[in-house]
């Protein structure tokens, strides 16, 4: 396993060691001890989530706030997505900046997104099954988000505008400046 810290402090790309042979492959998708050794972080995951989406779907940009803030470890089980993490930590040197990481069933990469970040992804393949571990439980009242098409952030989702599929909640989400 390898951990690569992104330009956003505390946000890591995790690359597992994959063992392949004529029968298929094997890799350890998560090991708490190795994760802590490589990142210096010790999240305790309380909830796992999974979603399936078709090409052009954009989910995000979302976060949980307050006592229900969440760190996430995300990966793709099937297909390919462009995963986005936006730093919204007050006082952070990289406030308002984002990283974009391609996650796929081929590269087996994961992205660790600490608390205090917006998160979203765009499906780049015909469909994608997305899996994420969270270090806190979901709470509807703590839900927050920013419109994924916000001009201030100017995220390149790698999906043509006319092919993007957004929920009504995301279309009507507030701007980053607000």
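Kindly identify segment 22-75 as rounded, prolate or oblate by the Cα gyration tensor criterion: order the square roots of the eigenvalues as a ≥ b ≥ c, call it rounded if a/c is under 1.5, otherwise compare a/b with b/c, prolate if a/b is larger, else oblate.
oblate
Pick from 17, 53, 104 the residue whose mean-square fluctuation is largest in a GNM of the chain, springs joining Cα atoms under 10 Å.
Answer for the Gaussian network model of the chain: 17.
Would you compute, from DSSP H runs of 4+ residues alone, the mean residue ellipticity of the chain at 222 nm, taking -39500 (n - 2.57) per run and dividing by the full residue count, rounded to the nearest 500?
After summing the helix terms and dividing by residue count, I get -1500 deg cm²/dmol.
By count of other Cβ within 10 Å, fewest leading, how are 134, 11 ordered?
Arranged by neighbour count, lowest to highest, 134, 11 become 134, 11.
Rounded, prolate or oblate: which fits segment 62-151 when a ≥ b ≥ c are the square roots of the eigenvalues of the alpha-carbon gyration tensor, with rounded for a/c under 1.5 and prolate only if a/b beats b/c?
It is prolate, given that a/c is not under 1.5 and a/b is the larger ratio.
Arranged by the count of other C-beta atoms within 10 angstrom, fewest first, what order do 166, 41 take?
With the fewest neighbours first, 166, 41 line up as 41, 166.
Under 8 Å for C-alpha pairs, at least 6 residues apart: give me the relative contact order for the chain, rounded to a whole percent.
Computed value for the chain: 28 percent relative contact order.
Gap in Å between the Cα centre of segment 19-81 and the Cα centre of segment 90-108?
13
At a 10 Å Cβ-Cβ cut-off, how would you order 4, 113, fewest neighbours first?
4, 113
Compare 98, 132, 25 in a GNM of the chain, Cα atoms joined below 10 Å, and give the one with the largest fluctuation.
25
For a Förster distance of 22 Å, can you work out the FRET efficiency between the beta-carbons of residue 177 and residue 92, rounded to the nearest 0.05?
Result of the calculation: an efficiency of 0.85.
Quick one: among 105, 15, 90, which has the greatest mean-square fluctuation in a GNM of the chain with alpha-carbon springs under 10 angstrom?
Highest fluctuation of the listed residues: 90.
None of the figures in this text is laboratory data; all of them are computed from the coordinates on show. All of these numbers come straight from a predicted model, not from anything done at the bench. Don't worry about glycine lacking a Cβ; one is built from the backbone with ideal geometry, like all the others, and counts go over all protein chains shown.
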